[in-house]
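Heads up, the thing below is written out as structure tokens.
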Amino acid sequence: MDKFLIVGLGNVGEEYDLTRHNTGFMVLDAFAKASNIHFDDRRYGFVAETSLRGRKVFLLKPSTYMNLSGNAVRYWLNKENIDQQRLLVISDDVALPLGDFRLKASGSNGGHNGLGHIQQLIGQQYARLRMGVGNEYPRGGQIDWVLGRYSDEELRLLQPSLDLGVDIIRSFVLSGIDVTMNQYNKLGKGRIKNQPAHGDE
């Protein structure tokens, strides 16, 4: 049976719930809810398992904290003997507007600590889904921004993209990265249009 590892990046602990840096966790939570499966506390992370048309799918939310995410990814790839071509990592990205997303077959870490540690341990050859969280922060304010919680309004705007993330995971498992990129990347730009900035009327 073909096996797939889908990793959502974030930080464990209630204080990090619904923060921008935990958007990867949020996509996996949406997938688990849609699939009626639950996460168990396992080695290096919280893991849920399901199958899609004969393909085994492991969902992983690393419990290592963001900057050591690679330890969890490498462990579960090795433990389940999963081909790296069947790994998808989902992360937040300040370079994309809130609600936008971008799927790539490989590439650099873009300055993201979680992706950076994964790259150190397994290289750049793995698929990643980058979820935009915007960058409306002052110079030097990036850490506070990504560790800040989404507002109710931001969550409402983000929800359709989280739902699309569920579809993207399914497509990645069933159709592969190339088909999925072709189908979904065109949907990932300009998703939240004409939204007034904070304080604007």
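The values are calculated or read from the model by the stated rules, or taken from the named source; none is laboratory data. Not measured: the values here are computed from a predicted model. As a convention, Cβ positions derive from the backbone with ideal geometry for all residues, glycine included, and neighbour counts pool all protein chains shown. In case anyone asks, the SASA skips ligands and DNA or RNA and just uses the protein heavy atoms, side chains included. Shrake-Rupley method; radii C 1.70, N 1.55, O 1.52, S 1.80 Å.
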*Whole-number percent relative contact order across the chain, with pairs defined as alpha carbons under 8 Å at least 6 apart*: 25 percent
*What FRET efficiency, computed as 1/(1 + (r/R0)^6) with R0 = 30 Å and r the Cβ-Cβ distance, is obtained for Asn67 and Ser175, rounded to the nearest 0.05?*
0.40
*Pull up all non-local amide H partners of Ser106: gap of 5 or more, or a different chain, and H-to-H distance under 5 Å with H placed in the peptide plane.*
Arg128
_If packing is taken as the average number of other Cβ atoms within 10 Å across a peptide's residues, how do 124-133, 53-62, 175-184 rank, most packed first?_
124-133, 53-62, 175-184
*Size of the dipole of the chain about the Cα centre, Lys and Arg at +1 and Asp and Glu at -1 on the beta carbon, nothing else charged, in debye to 20?*
860 debye
*In the range 1-135, with Lys and Arg counted as +1 and Asp and Glu as -1 at Cβ, which of these residues, Gly99, Leu77, His38, has the Cα nearest the positive end of the dipole, that is, farthest along it?*
Leu77
_For Ser51, Ser106, give me the order by solvent-accessible area with a 1.4 Å probe, most accessible first, ignoring ligands, DNA and RNA._
Ser51, Ser106
_Taking every DSSP beta bridge with both residues inside the chain, roughly what % is antiparallel (nearest 5)?_
50 percent
*Give me D for the range 104-201 in µm² s⁻¹, whole number, from Stokes-Einstein with Rh from the Kirkwood sum over alpha-carbon pairs, 37 °C and 0.692 mPa s.*
209 µm²/s
*How big is the gap, in Å, between the Cα center of the range 1-73 and the Cα center of the range 142-177?*
13 Å
*How fast does the range 1-159 diffuse by Stokes-Einstein, in µm²/s, taking the Kirkwood radius from C-alpha pairs at 25 °C and 0.890 mPa s?*
156 µm²/s
*Putting +1 on Lys and Arg Cβ atoms and -1 on Asp and Glu Cβ atoms, find which of Val27, Pro62, Thr50 reaches farthest to the positive end of the dipole of the range 16-105.*
Thr50
*List the residues whose amide H sits under 5 Å from the amide H of Asp92, counting only those 5 or more places along or on another chain, with H placed 1.01 Å from N in the peptide plane.*
Thr23, Gly24, Met131
*Take peptides 140-149, 1-10, 163-172, 72-81 and line them up by average Cβ neighbours within 10 Å, highest first, as a rough protection proxy.*
1-10, 163-172, 72-81, 140-149
_Can you tally the lysine pairs in the chain where the Cα-Cα distance is under 21 Å and the two residues are eight or more apart, or on different chains?_
12
_In range of the label at Glu49: residues from the range 59-76 whose backbone nitrogen is under 16 Å from the point 7 Å along Cα→Cβ_ = 59-61, 76
*Report the FRET efficiency, 1/(1 + (r/R0)^6), for Asn182 and Glu14, where r is their Cβ-Cβ distance and R0 is 41 Å, rounded to 0.05.*
0.60
*asked:* I need the P(r) histogram for the range 22-94: all alpha carbon pairs, bin width 5 Å from 0 out to the longest distance, whole percents.
replied: 3, 14, 28, 28, 19, 7, 1, 0
_Full-extension gain in nm, Asp152 to Gln124, via 0.36 nm per residue minus C-alpha separation_ = 6.6 nm
*Treat every Asp and Glu Cβ in the range 85-201 as -1 and every Lys and Arg Cβ as +1, leave all other atoms uncharged, and give the resulting dipole magnitude about the Cα centre to the nearest 20 debye.*
540 debye
